[in-house]
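The values are calculated or read from the model by the stated rules, or taken from the named source; none is laboratory data. Please read these numbers as outputs of a predicted model, since none were measured by experiment. For neighbour counting, all protein chains shown are included, and Cβ atoms are generated from backbone atoms with ideal geometry for every residue, glycine included.
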Amino acid sequence: MAVTLNRIYTRGGDTGMTSLGRGERVAKHDIRVEAYGTTDEANSVIGLARSAITRAGSADPRLAEADAMLARIQNDLFDLGADLCTPEGKTKRDEPALRMVASQVERLEHEIDAMNAELQPLKSFILPGGSETASWLHLARTVARRAERCMTHLAAEQEINPEAVKYINRLSDHLFVLARRVNDNGAADVLWVPGGAR
């Protein structure tokens, strides 16, 4: 899929409409636009998490590993946006649309399992916090959950790729476990104490 961006503004959205992948015009508040826009928001927060890793400048191999995983996830999220912005069928150029595939979901599952094997089981819910990187990952996780809600809303009205829904569901789990991993394998997690602020 070749992309060429010669102009940043086109004035095409000045009336509150935008184009989908096949050229259909829809309102900018359309649930499909909301779904891929929210995946873009999650991607931006992941970029902040990666910047925090860079600032930490640590030789901790867990941070280098986290950055590599997040780089792959950021690319996946652009794939997910491309999938969501193109309704089922062919593109206007009669080319197959870019779709999320099972191997992308499976990669997340393998990474979750590998990270989780090194963590102590949780005995309480975790409050978002700890390190700066973990805090950004928790924010990315909540944005991914919002993207998932948009996607399931869309799926209730229109056909969408089931692998796309699986991916966003698994992503929030991945970001949760990764936040624990970068929080010194859970040692720096901030635990919820029910009623503890009364």
Residue check for His138: within 24 Å of Asn183 (Cα to Cα), in contact with a strand residue (DSSP E or B) (Cβ under 9 Å, 6 or more places away or on another chain) and of a type outside the set (S, T, N, Q)
yes
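What do you reckon, is Ala59 modelled with pLDDT under 95, hydrophobic (A, V, I, L, M, F, W, C), over 17 Å from the mean Cα position of the chain (by Cα) and closer than 26 Å to Asp173 by Cα?
Numbers: modelled with pLDDT under 95: yes; hydrophobic (A, V, I, L, M, F, W, C): yes; over 17 Å from the mean Cα position of the chain (by Cα): yes; closer than 26 Å to Asp173 by Cα: yes.
Yes; evaluated as a whole, the condition is true for this residue.
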Taking region 140-190 as the search range and keeping residues that are over 11 Å from the mean Cα position of the chain (by Cα) and among the basic types (Lys, Arg), which one is farthest from Gly57 (Cα to Cα)?
Arg149
Could you say which residue among Ala144, Ala134 is farther than 20 Å from Asp79 by Cα and of a type in the set (Gly, Ala, Ser)?
Ala134
Residue pairs meeting the criteria (Cβ under 7 Å; at least 6 apart or on separate chains; first in contact (Cβ under 8 Å) with a residue 40 or more places away in the chain, in region 178-198; second among the hydroxyl-bearing types (Ser, Thr, Tyr) and loosely packed, with under 15 Cβ neighbours inside 10 Å):
Leu191/Ser124; Trp192/Ser124
Taking first residues from region 150-168 that are farther than 11 Å from Met100 by Cα and second residues anywhere that are among the acidic types (Asp, Glu), the pairs with Cβ under 6 Å that are 6 or more apart or on different chains are Cys150/Glu34; Glu159/Glu88
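What residue, among those in region 14-43 that are under 23 Å from the mean Cα position of the chain (by Cα) and loosely packed, with under 14 Cβ neighbours inside 10 Å, is modelled with the highest pLDDT?
Step one: list which residues in region 14-43 are under 23 Å from the mean Cα position of the chain (by Cα), which gives 18-21, 28-43.
Okay, now just the ones that are also loosely packed, with under 14 Cβ neighbours inside 10 Å, so 28-29.
Details: Lys28: 71, His29: 78.
Result: His29.
Looking at Ala49, Ala64 in this structure, which one is crowded, with 16+ Cβ neighbours inside 10 Å and either over 11 Å from the mean Cα position of the chain (by Cα) or part of a helix (DSSP H, G or I) (or both)? Full working, then the answer.
On the way: Ala64 fails: crowded, with 16+ Cβ neighbours inside 10 Å.
Going through Ala49, Ala64 in turn, just one is crowded, with 16+ Cβ neighbours inside 10 Å and either over 11 Å from the mean Cα position of the chain (by Cα) or part of a helix (DSSP H, G or I) (or both): Ala49.
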